[in-house]
Structure formats: C-alpha cells, structure tokens
Amino acid sequence: MTENQQRLCAPESLHSQTGIPRRDFLRLGWTALAGVAVVEAGVVSVGFFLPRLSEGEFGGVFKCGAVDKFPNGSVTPFNEGRFYLVRTQDGGFLALYRKCTHLGCAVPWDQTKQQFICPCHASVFDQNGDVLNAPAPRPLDLFQVNLVGDQVQVDTSKQTRRDRFDPTQIVYPT
Amino acid sequence: MNPSNNSPLSIWQRVWRSAVREPFTGDRRSRLRLVMNNLVLHLHPSQVPARTLRFTYSFGLGGLAGLLVVILAATGMLLETAYTPSPDKAYTSILALSTRIWFGQFIRNLHHWSGNLMIIVVALHLLRVFFTGAFRAPREFNWLVGIALLLLTVMANFTGYLLPWDQLAYWAITVGSSIIVYVPFIGNGLSNVLLGGPEIGAATLLNFYALHISIIPMAMLALMSLHFWRVRKDGGLSLPRGVDEPPVSKDENVLTVADLVRPEAVWAMVALATLVVWAALVNAPLEALANPDASPNPAKAAWYFMGIQELLLHFHPLVGAIIIPTLGLLGLGALPYMDSDMNSVGIYFRSRRGRWLALFSAATGVLLTALYIVLDEYVIDFAGWFYGLPALVSNGILPLILLILGIIGYYEFVRRAFRATKCEGVLSVFVLVLAGFIVLTLVGVFFRGAGMQLMFPWEITPTH
Ligand code: FES
C-alpha cells in the first residue's frame, strides 16, 4: 500500500518519460526570461551613458579650409577639434588626435624641436605621430581626412588606432 | 497598554505615544526594548559581549565610516542645490559657493574632506578586520561585501573629483580614466561609455554627476544595509583576545543602551568636532578653470590612484594598471577562503610570532619597493635587455612573473626560516604587499616631479 502510493507520487509518473521534465523546463524558461530582462535593462542603461555628439563640436566634421592654406611640412593645431592637421614634406595630409596614447594628456607641438612632446610623462612623437620615446605604447591616433574639391575636412567622430606609422595613412590631394 | 493609567492623554501625548509606544523608564527591561523597537538602535543587538567594547580592538572604524556617510549625504544634498553640472557653469557655481552662499565654502570643505577621509577610514577598517582575523567563517561573505563597499567609496570619490571642473579635476580624471583604456578588448568601449565620448566633456560631467549623486550612493545604501545586517547575523564583532589568552566561548553581556551607545556617541562627537574644525581651517583645493588645451606637468591622478599610476611607470600598462590590481583584488577577496585558522580569531596579528613577522614584513616591503623604484629609474631596463621581445613580454609579463615568484619565495622563506604557520605566512605576504603599495602611493604623490621624474618633495615646483 505505502509502496504503491510512493510509486504513484513519484515524480516520474507526472510527466512524459523523454525530454526535460516540465518543472525543469518551466524553471529554465523563467530563468532565461529573467536573464533576457536583465540584459535588456543593462543595454538600455548603457545607452544613456553613450556618447552624445553634436555637429560643429568635437566629434563632428571640421572644415579646415583650402589645401593651399597649409604649406608643406607644417603642423596646424585645431583646438576645437582636438587635432593637429599635419602637411607632410611631400604635400600629403594627416589629422593627428592630440590625446597622448599613454594617459590622455593634450600633447603640444614643439615648433623648434619639430616634435610632439607630452608634458605629463615625457612621451615624444615625430611629425607623423610615431613614437620616438616611451612610455606611449603606440603612435597618436588618426582622424579621417577628406578632400572635398580643394577643401580639407576632418571627421572627428571616430579615431583610428595604429601600431606604427606607415605612408599609406597619408592622404594626398589629387 | 498600561491599564493602570486612567487619566486621559492630551493630543500631544497621543501623537508622541503613537510614534514611541513604550515610554522609556530606564530599567533593564525598558533598555532592552528600546533597542528592539527603535529603527536606528536596532542595528545593534540589545545586548553585546562586554569585551567587544574595547576601543583598541575595533577603533570604532566601521561606525566612523557610517558617520562619514551621513555627513556626506547631508552636505552633498546641500551642494546639489548650488551646483550646475555643465562645463560652462560648473566652475562658476563652485566659485559662487565661497562668495554668494552662507557657509558654502565650509559645506564644500566638509564634503571634500569627509570623502577623502572615508577612503582612509574604510581601508583602515578592512585592515583591522584582517589583522584580527575577523574575516574568517562565518564572516567571509561580509568581507566580500566590505570590499565592494571599499570599491564604491573609491568610485564615489573618483566621480566627485571631476565636478569642480578645474585643472586639477580635469587632468586627474583624464589620467585616471585613461587607465581604463588598457583593459584588454573592451577597454576603449568601456571608457567611451563612462566618459560619454572619446574624451572628457559635457557628457562626462553629466555621467559623473549622475553616478556621484544617485547611482553610487544608492548602491552603497543597499550594500551598507546588507553589511550591517550581516554583522548581526554573523554574531556581532569577533571577540578580542590577548596573545596568550585562551579562547572564550561565552562572555559577560552588557546592555547596548547605554554601554555601547554611549561610547559610540562620544566617538561620533569627537570625530564630528575634529572634522568641523578641520573643514573650517583648510579649504578644499580649487585651481584654475579646466583647460582641455593645456595639461599640467606633472599630471597626476587622484592620490588613491597614485599607487597604480606609479606601477604604470614600472610595468607595461596592461600589467601595471590592469593585471596587478586585479590580482591584488582577487587575492583580497580570496583571503577568508584560503586562510581559515580559527585559533587566532580576535588576536591582533595572530600570535606573538605573527606580530614580529608583521613588523619584519612591513620593513622588508618598504625597503624592497623603495629599492626597486630607485633601481628601475637608473639601472633596471627590461625593455632594453630583452630588446627583441614585444614590450608586453619584456616589460610586463617577465617582471610580473618575477614579482609573483618573489612573493611565493617570501612565503616559503617565512615558513621555513621562522617556522611560521600557514596563516602567519599569509599575514606576512599581506603585510609585505601592503607596505609595497603604500610606498608606491607615497612615491607617486610626493616624489614625482615634472615629467614624472624621481625627485625629493622640496625640489618639485608645480607648473600649471
Ligand atoms: S600622458 Fe603623455 S606621456 Fe603620459
């Protein structure tokens, strides 16, 4: 009698013999849904913190002026855009993000030494932004240079990291 | 409630009785019930073991941290009304505190110093719990909650640091948040989310403001409730013991009202008075308006991150800023699960030998770290010696492995040479690493001048 009852109440008799038991299936379902809800809430929250960029400010496109305005071998700072427009000796353009790749200080251009020298921990970069002196781990980041007609434009919305300088990074006027 | 009391109550008495059901008569029963029926007092049990009242055991550090939270909340709420979190208004609204608002400067000072002091108090509280072995079962989990609270305290300070929007704030946060970029794979994304863009701007200020005034305080409130609740659930404070005292299972109890509450109140008053005098005399720093075009030289992180910034000068950033601090935190969290010697709970520094070893390890840690910093400045050059290897290996992984081997070696040395027990060995390593970290922080704060060159404090001339 007792044994019989036990058999009747045994969990196996309450659900089909194959597949996951119903109880486990529901528990799994609820847990998964709760997980999805948490992820959704997380994504929404992160969205609030994300970059909020506006036109004309740093993060937008900067119109720098006509190509001829920049003599070969010159470095022109654009403080609003946080970048330097470099014209190489052979007439190409590079837009260097002025944020030091070490710990983020603003790197000034030293006209007499023809180098970027970081005031914070003494990293040194050459005119192409390549590292001459550590602790900076990589060259200065690049912004996209676009030549529209004879006008130079720099898009500061996205900076490009690079491990070393190479000439293909330079943009030449046609 | 009291049937013998037949005289009708006045309206005021009835209002009072509706809030405080039982009048306090001062007898034992009334004292016990006062604790049970009062929301704030109820953080305590109604009786506590007499010996946990020894001031030199706990130094009231946990309670002090709680007091600082109250001061910070009160002053913070006032400051909120005077502050505008936008780059063109933030600095002027801080200036207005000292010119246009009664006691504005004083309230800001109180908030500033309480915040900084809280990091020290919370850290000392952690040390007290470690050195008395109080983190062991059943208190392991509360140790973890405590570590989370320490991290939140640091984050609260870090986010608050930016708000005045002066040169100090702007560049300390720049340097501090640039460390995040070195987190592998997600570092850049993480920093973008936190700063609301590639560098510090209006979005950063708003993000930090929200974190500082609501998100972090809410998280702290939740964890503090858990922390306090667990203290009671885990049986209150661990019982203090002298080095040669046998363990006691039961101790004479005293009433919380007023044997515990009275010294707490006295300590709180002393701390509050000291803070008020300090805040009246010493102004919170405020430099020139933030200028994103001009970094100061040297640019230093906030003092509580200077240990990590100093590590960055000696190791590849991934190792110095991410791997070593992470290993340190994990080790801290793992302590109660590695070291479960219940015999020394309540004894400062475990034992007589433990005390001696703590002293020895502190001295060793200070000497070795200072020696390494000087040698690294002039002699050691891993990157140069192993020129062919990538910097991450030569200047990161390789010295990291040496460091870890050195720590393991020190543990084995202490165990063999001084016949230390396991838990005395763990204590020795903890003190060694702690001393090293303190030296790194002190060197970073006081011995680094322009270009982060090593120099004496009196040689450093600040340039802004
Ligand atoms: S931030 Fe430029 S060298 Fe450190």
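Yes/no matrix, rows are residues, columns are (1) without any contact (Cβ under 8 Å) to a residue 12 or more places away in the chain; (2) in a helix (DSSP H, G or I):
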residue	(1), (2)
B:Gly26	yes, no
B:Val69	no, yes
B:Thr92	yes, yes
B:Ile107	no, yes
B:His111	no, yes
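Cβ separations smaller than 7 Å between residues 6+ apart or across chains give no pair from region B:203-231 residues that are at positive phi to residues that are part of a helix (DSSP H, G or I).
Only one residue in A:Tyr84, A:Tyr97 is more than 14 Å from the ligand (Cβ to nearest atom), among the hydroxyl-bearing types (Ser, Thr, Tyr) and under 24 Å from the mean Cα position of the chain (by Cα). Which one? On inspection, the qualifying residue turns out to be A:Tyr84. For B:Leu223, the test of being outside any loop (DSSP other than H, G, I, E, B) and more than 12 Å from every other protein chain (Cβ to nearest Cβ) is passed. When restricted to residues that are within 11 Å of chain B (Cβ to nearest Cβ) and under 15 Å from A:Tyr84 (Cβ atoms), region A:138-174 contains 4. Annotation note: Cβ proximity below 6 Å between a residue of region B:119-142 that is under 15 Å from B:Arg350 (Cα atoms) and a residue that is assigned to a helix (DSSP H, G or I) (sequence gap 6+ or interchain) occurs for B:Arg128/B:Leu61; B:Gly133/B:Ser344; B:Phe135/B:Val129; B:Phe135/B:Trp143; B:Phe135/B:Pro336; B:Arg136/B:Pro336. In summary, helices (runs of 4 or more DSSP H) completely within region B:321-415 and bearing 3 or more residues that are in contact (Cβ under 8 Å) with a residue 12 or more places away in the chain and among the hydrophobic types (A, V, I, L, M, F, W, C) occur at B:324-338, B:352-378.
Would you confirm whether or not region A:40-50 contains a residue that is within 11 Å of chain B (Cβ to nearest Cβ) and assigned to a loop (DSSP other than H, G, I, E, B)? Yes - at least one qualifying residue is present in region A:40-50.
What about A:Asp163, is it of a type in the set (D, E, K, R) and within 16 Å of the ligand (Cβ to nearest atom)?
no
The set of residues in region B:260-305 that are surrounded by fewer than 16 Cβ atoms within 10 Å (Cβ to Cβ), assigned to a helix (DSSP H, G or I) and not hydrophobic (A, V, I, L, M, F, W, C) comprises B:Arg262, B:Pro263, B:Thr274. Pairs linking a residue in region B:163-190 that is of a type outside the set (Gly, Ala, Ser) to a residue that is within 13 Å of the ligand (Cβ to nearest atom) and not in a loop (DSSP other than H, G, I, E, B), with Cβ atoms under 6 Å and 6 or more positions apart or on different chains, are B:Ile179/B:Ala321; B:Tyr182/B:Pro317; B:Tyr182/B:Ala321; B:Asn188/B:Val181. State all residues of region A:25-54 that are of a type outside the set (A, V, I, L, M, F, W, C) and either within 30 Å of B:Gly189 (Cβ to Cβ) or at pLDDT below 90 (or both); if no residue qualifies, say none. Those that are of a type outside the set (A, V, I, L, M, F, W, C) and either within 30 Å of B:Gly189 (Cβ to Cβ) or at pLDDT below 90 (or both): A:Thr31, A:Gly35, A:Glu40, A:Gly42, A:Ser45, A:Gly47, A:Pro51, A:Arg52, A:Ser54.
Number of residues in region A:105-137 that are at the interface with chain B (Cβ under 10 Å from one of its Cβ atoms) and either in contact with an Asp or Glu (Cβ under 7 Å, 6 or more places away or on another chain) or more than 13 Å from the ligand (Cβ to nearest atom) (or both) equals 2.
Every condition in (1) buried (at least 21 other Cβ atoms within 10 Å of the Cβ); (2) more than 16 Å from the ligand (Cβ to nearest atom); (3) of a type outside the set (Val, Ile, Thr) holds for A:Gln144 except the one numbered (1).
Listed by first and then second residue, the pairs with beta-carbon distance under 7 Å, at least 6 apart or on different chains, first residue in region B:294-311 and within 11 Å of chain A (Cβ to nearest Cβ) and in contact (Cβ under 8 Å) with a residue 40 or more places away in the chain, second small (Gly, Ala, Ser) and in a loop (DSSP other than H, G, I, E, B), are B:Pro298/B:Gly449; B:Gln309/B:Ala301.
The values are calculated or read from the model by the stated rules, or taken from the named source; none is laboratory data. The model shown is predicted, which means the values in this text are computed figures rather than measured ones. Neighbour counts are summed over all protein chains in view; Cβ atoms, including those assigned to glycine, are modelled from backbone coordinates with ideal geometry.
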